[in-house]
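Structure first, commentary second.
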Amino acid sequence: MRGVGFVGLMALLGAGCQAVPVMQQRLVSKPNMVFSDSPVFSYQSQVLPQIEPGSAMSGGAQAAGCTACQ
Amino acid sequence: MFFRLGLIGVVVPLVTSLGFSAEMTESTVDPQGVEGSDPEESRSRNFESLVQTRVEGLFTDDFQISQWGFQYGHRYDRFRWDVGLTYDTYEIDLRSPDPFFEPQSSHADRILVQGNVTQQIQERLSWQGIAGYYDGFQNFRSLWIHDYYQQIGSLPFFDGYPEIAPRGYQLGTQLRWEYLPASGFLEATFGYYKDWIAPSAEFERVTLLGLRVIDSLTYRLASENVLNPRIRSLTEFLMTDTAGREKRYGIQQSVNVALGESWVLRFQGAWVREDPGFEAYSVGGTAEHELGDAWLVSLFARFYHDTGEIQNSLPSSNGPPGLDSYQIGLGVRWMGERSNVKLTAGPYFTRYEETEIEAPFFEDLYRSRNWLNVQIAYSMSF
């Protein structure tokens, strides 16, 4: 678990320490380049987590695993 | 069922949005009771409404799952709110090698309502509050297990299985900080979930039941970054603390790359672990190509693997064995000035690991299957 924490911390720190000027963000601002909850622009299925207990990232009993097993 | 939901999904938002359009027109013309307000002034108030709807289906011979979602939201200056309604349906055929079990067909649905409010506290800091409530089984697997237990528990030599009313609610809060102008965003999210579920059971002269109520706390930390003029990334960490279980840790990395004016590649990888032995990962990618000003086509593929959840020591564990799943599909999207439509479709394959269980009563639930996954979504702002 420490390894995961270290990797995560490094990813966060390395994620971006310098702002990219807005005038250079034309391509990364296109609708399909943005991370969005909109169903039109979201690429994740809302139904498949019913089958894949380890795929949901949004909490709740379903995301936490099976809802009926011990 | 899917086509009925599809019809509802298309008609309802159009009718609703027309209704809201009329209301919005009045408000825009006279937002503060002042006749003849300048349209430019109205626009500067950042006054916008959004309607979104989505229908998704997952089908195989004996299981049909569908979900319809509708959301209406409104933004005015620094305040935003939205409410959503989600309706799930499950149609399943139950079979089991249990000699006392008679095959049956079951149907159930679930309704979820959810609301969000977002307030921009400072120029670069916003707060969000989330609340939701649902009534019904969270998934088709819970329905399968519940109906199996109900039938077996009703045998004369067993003590029965209680009447269950699965439901739950969630409360959450989130802070979003734009720590680099338009380039770096940090999100911290906390959520509390309470779920009344169909408990596992062992039938003897007295029925032994598992947990009936589950409390979960989730903590999420995410960083979204524009790394350069062509790459945007999202790194997410999640920790879930569920009553009676070890903590679950997850990390998900998403990267979007603009190859040029008309090509976009999206990658995603995720890894999850929960002691004593559950581990899962997934990798996937989407290639999207713009055809002219309004149309986009996409091709996507995804692989998922987990080690399974059989962890109890009972001879008839209802947890799933290890799973490999594969998804591929094609999508098409139309983007208008204020409306967008998306359609995706493709096969989905689930392959469960073979296990040696003393009493494999649930082996049909966890049988490898070939599915069809279809999604239709529509959004409109005005």
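Every read-out reported here was derived from the displayed coordinates using simple, explicitly stated rules and does not represent laboratory data. Every value quoted in this text rests on a predicted model; they were computed, and no experiment measured them. Every residue, glycine as well, gets a Cβ built from its backbone with ideal geometry; the counts of neighbours run over all protein chains shown.
Observations, loosely collected:
- Counting only other chain Cβ atoms within 10 Å of each residue's Cβ, the peptide B:283-296 averages 1.
- Label-zone membership for the stretch B:59-99, site residue B:326, 7 angstrom Cα→C-beta point, backbone N under 19 Å: B:59-61
- Electrostatic dipole magnitude of the stretch B:180-336 [Cβ: Lys, Arg +1; Asp, Glu -1; Cα centre; debye, to 20]: 120
- Every Cα-Cα pair of chain B was included, and the share exceeding 30 Å stands at 50 percent.
- Residue with peak Gaussian network fluctuation, chain B [Cα springs, cutoff 10 Å], from B:278, B:101, B:157: B:157
- Among B:105, B:282, B:200, the largest mean-square fluctuation in a Gaussian network model of chain B, built with springs joining Cα atoms closer than 10 Å, belongs to B:105.
- Annotation: aspartates and glutamates with alpha-carbon distance below 13 angstrom to residue A:30 (same-chain offsets under eight excluded): B:261, B:288, B:290, B:293.
- The separation of the stretch B:107-170 from the stretch B:76-91, counted between C-alpha centres, amounts to 16 Å.
- Between 0 and 90 degrees, the angle of helix B:140-153 with respect to the longest Cα principal axis of chain B falls at about 30 degrees.
- Under 24 Å from residue B:194, Cα to Cα: lysines that are on another chain or at least 8 residues apart: B:247
- Net lengthening on full extension, residue B:369/residue B:337 (0.36 nm per residue, minus Cα-Cα): 7.4 nm
- Between 0 and 90 degrees, the angle of helix B:2-29 with respect to the longest Cα principal axis of chain B falls at about 30 degrees.
- For chain B, modelled as a GNM whose springs connect Cα atoms under 10 angstrom apart, the maximal fluctuation among B:104, B:64, B:170 occurs at B:104.
- Positive-pole candidate from B:116, B:145, B:158, dipole of the stretch B:111-230, charges at beta carbon: B:116
- Leading residue at positive end of dipole, the stretch B:96-381 (Cβ point charges), from B:107, B:272, B:336: B:336
- Label point of residue B:60 set 7 angstrom out along Cα-Cβ; within the stretch B:330-347, amide nitrogens under 17 Å from it belong to B:346-347.
- About its Cα centre, chain B has a charge dipole of approximately 700 debye under the convention of +1 per Lys or Arg Cβ and -1 per Asp or Glu Cβ, with nothing else charged.
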